[in-house]
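Presented below is the structure to which this report refers.
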Amino acid sequence: MANTRRAKPISRSRTAPGKVVHKIKVTLRGSRPPVWRRLEVPSGTTLQQLHHLIQAAFGWEGYHMWAFETPQDRYGVADRELGIRSAASKRLDQVAPSVGDKLSYTYDFGDDWEHDILVEAITDAEAGTPYPRCLTGRRACPPEDCGGMWGYEYLIEILADPGHEEHDERLEWLGLDTADQFDPAAFDLAEVNSALSGFAAILIEN
């Protein structure tokens with residue numbers, strides 16, 4: 001399980017930029033009850049890298065368009081017509097340099113899964129600790145292509161009603177045998193950190 005003890009606030013004068021960590025809370029906008037993940041990521045993470053981390057932490061599949069909205073600009077896969085600049089060109093500590101800073105992340109321009117990102121802390125990295133890591137979170141991520149938040153709520157209603165005319169069709173679509181195989185309240189911290197482990201690196205050696 002992730003180490004959740006309080007980290008020491010940074011001293012910018014003595015800490016190299018590559019040794020600093022942002023603690024962020026990423027919340028799926030409009031989810032009731034809220035679906036969220038609290039992550040610690042290297043402050044020098046590019047927005048392109050952050051996209052992949054959010055995908056892993058929430059369990060998205062990553063095959064739809066996406067973009068970050070920041071106070072400076074909009075970043076994603078560069079597209080002049082859509083006014084999107086390259087997410088590889090900007091780091092998290094450049095668009096959200098201070099505690100309390102906010103940005104948003106939209107995944108799938110059809111379903112519009114909007115995520116609110118809040119910087120909760122900026123600290124020194126802990127020696128011997130791999131980053132990124134998930135500290136905690138709540139609830140399962142909605143399945144891909146279910147129609148946005150409204151469609152997800154409708155899907156849950158259908159799964160809860162065996163007599164619904166779409167019940168069997170939705171089970172087949174999800175690849176489930178029974179509705180109880182999908183628990184919208186489920187959150188597995190170890191599973192999330194396993195998904196993040198492929199991106200992890202130790203910033204400060206013991």
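The values are calculated or read from the model by the stated rules, or taken from the named source; none is laboratory data. Since we're looking at a predicted model, the values are computed, not measured. Counting neighbours? That spans all protein chains shown, and the Cβs are built from the backbone with ideal geometry, glycine included. For accessibility, only protein heavy atoms count, side chains too; no ligands or nucleic acids. Shrake-Rupley method; radii C 1.70, N 1.55, O 1.52, S 1.80 Å.
Yes or no: residue 110 touching a Cys at 6+ places or on another chain (Cβ under 6 Å) and open to solvent by 40 Å² or more (accessible area, probe 1.4 Å)?
Numbers: touching a Cys at 6+ places or on another chain (Cβ under 6 Å): no; open to solvent by 40 Å² or more (accessible area, probe 1.4 Å): yes.
For residue 110, the condition - touching a Cys at 6+ places or on another chain (Cβ under 6 Å) and open to solvent by 40 Å² or more (accessible area, probe 1.4 Å) - is not met.
Considering only residues that are without any contact (Cβ under 8 Å) to a residue 12 or more places away in the chain and in a loop (DSSP other than H, G, I, E, B), which ones fall in region 161-206?
161, 163, 164, 165, 166, 175, 176, 177, 178, 188
State all residues of region 90-103 that are open to solvent by less than 20 Å² (accessible area, probe 1.4 Å) and in a strand (DSSP E or B); if no residue qualifies, say none.
Of all residues in region 90-103, those open to solvent by less than 20 Å² (accessible area, probe 1.4 Å) come to 92, 95-96, 103.
Listed by number, the list holds a single entry, 103.
Please work out which residue is nearest to residue 137 (Cα to Cα), limiting yourself to region 167-198 and to residues that are open to solvent by 40 Å² or more (accessible area, probe 1.4 Å) and touching a helix residue (DSSP H, G or I) at 6+ places or on another chain (Cβ under 6 Å).
Within region 167-198, the match that is nearest to residue 137 (Cα to Cα) is 195.
From the list 122, 117, 158, exactly one residue is assigned to a helix (DSSP H, G or I) and open to solvent by less than 50 Å² (accessible area, probe 1.4 Å). Which is it? Write out each step before concluding.
Values: 122 fails: assigned to a helix (DSSP H, G or I); 117 fails: assigned to a helix (DSSP H, G or I).
After ruling out the rest, the residue left standing is 158.
Report the residue count in region 60-89 for those that are open to solvent by less than 70 Å² (accessible area, probe 1.4 Å), in a loop (DSSP other than H, G, I, E, B) and not hydrophobic (A, V, I, L, M, F, W, C).
5
Give all pairs with beta carbons closer than 9 Å in which a residue from region 128-157 that is touching a residue at least 24 places away in the same chain (Cβ under 8 Å) and of a type in the set (A, V, I, L, M) meets a residue that is part of a strand (DSSP E or B) and open to solvent by less than 20 Å² (accessible area, probe 1.4 Å); count only pairs at least 6 apart in sequence or on separate chains.
These pairs meet every condition: 135/37; 135/39; 135/40; 149/28; 149/113.
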